[in-house]
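Novice: Just dropping this structure here.
The values are calculated or read from the model by the stated rules, or taken from the named source; none is laboratory data. Being a predicted model, the structure only gives us computed values, none of them experimental. Ideal geometry is used to build each Cβ from the backbone, glycine not excepted, and the neighbour counts take in all protein chains shown.
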Amino acid sequence: MKREAEISGRQIAAARLLTGISRAELAAAAGISVALLKKLEASGSVTFPGEDKVTAVREALGDFGVIFLFEEKGIGAGVRLKFTRLDTEQIGKLENEGGFVREDDVP
């Protein structure tokens with residue numbers, strides 16, 4: 001089981017709120033129903049070991065700029081953003097300016 005897949009409902013809910021996206025937006029990006037997303041978020045601290053739909057949610061949140069933090073060395077799990085709000089706005093402007101389509105360098 002990959003560690004990246006071990007996220008909790010609380011982490012999903014926190015990540016969604018941190019990004020400012022709605023359940024409907026995240027569910028659409030992950031290819032799942034809003035009802036399933038609501039159920040995942042309501043599960044609290046239960047972790048989901050490598051389920052396909054949870055992996056899709058994690059990857060979709062990653063596309064919205066979320067990094068998942070895992071429990072280690074006495075510090076609990078959590079979430080944070082890859083970029084500041086200003087960085088995100090500037091990246092959005094650059095990506096929508098036109099030009100040649102290429103692979104992004106951004107991690």
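Novice: Restricting the search to the range 8-25, which residues are assigned to a helix (DSSP H, G or I) and either in contact (Cβ under 8 Å) with a residue 12 or more places away in the chain or surrounded by 13 or more Cβ atoms within 10 Å (Cβ to Cβ) (or both)?
Specialist: If the condition is that a residue be assigned to a helix (DSSP H, G or I) and either in contact (Cβ under 8 Å) with a residue 12 or more places away in the chain or surrounded by 13 or more Cβ atoms within 10 Å (Cβ to Cβ) (or both), then Gly9, Arg10, Gln11, Ile12, Ala13, Ala14, Ala15, Arg16, Leu18, Thr19, Arg23, Glu25 are the ones that fit.
Novice: Take the range 26-38 and flag every residue that is surrounded by 16 or more Cβ atoms within 10 Å (Cβ to Cβ) and either in contact with a Phe, Trp or Tyr (Cβ under 8 Å, 6 or more places away or on another chain) or assigned to a helix (DSSP H, G or I) (or both).
Specialist: Within the range 26-38, Leu26, Ala27, Ala29, Ala30, Leu37 qualify.
Novice: Provide a single number: the residues in the range 48-81 that are in contact with a strand residue (DSSP E or B) (Cβ under 8 Å, 6 or more places away or on another chain), modelled with pLDDT under 85 and outside any strand (DSSP E or B).
Specialist: Adding up the residues that qualify gives 1.
Novice: Next up: Glu41 - would you say it is in a helix (DSSP H, G or I), at pLDDT 90 or above, farther than 16 Å from Arg10 by Cβ and not hydroxyl-bearing (Ser, Thr, Tyr)?
Specialist: no
Novice: Hey, another quick one. Counting just the residues of the range 65-83 that are among the aromatic types (Phe, Trp, Tyr) and under 14 Å from Ile7 (Cβ atoms), which one comes out surrounded by the fewest Cβ atoms within 10 Å (Cβ to Cβ)?
Specialist: It comes out as Phe70.
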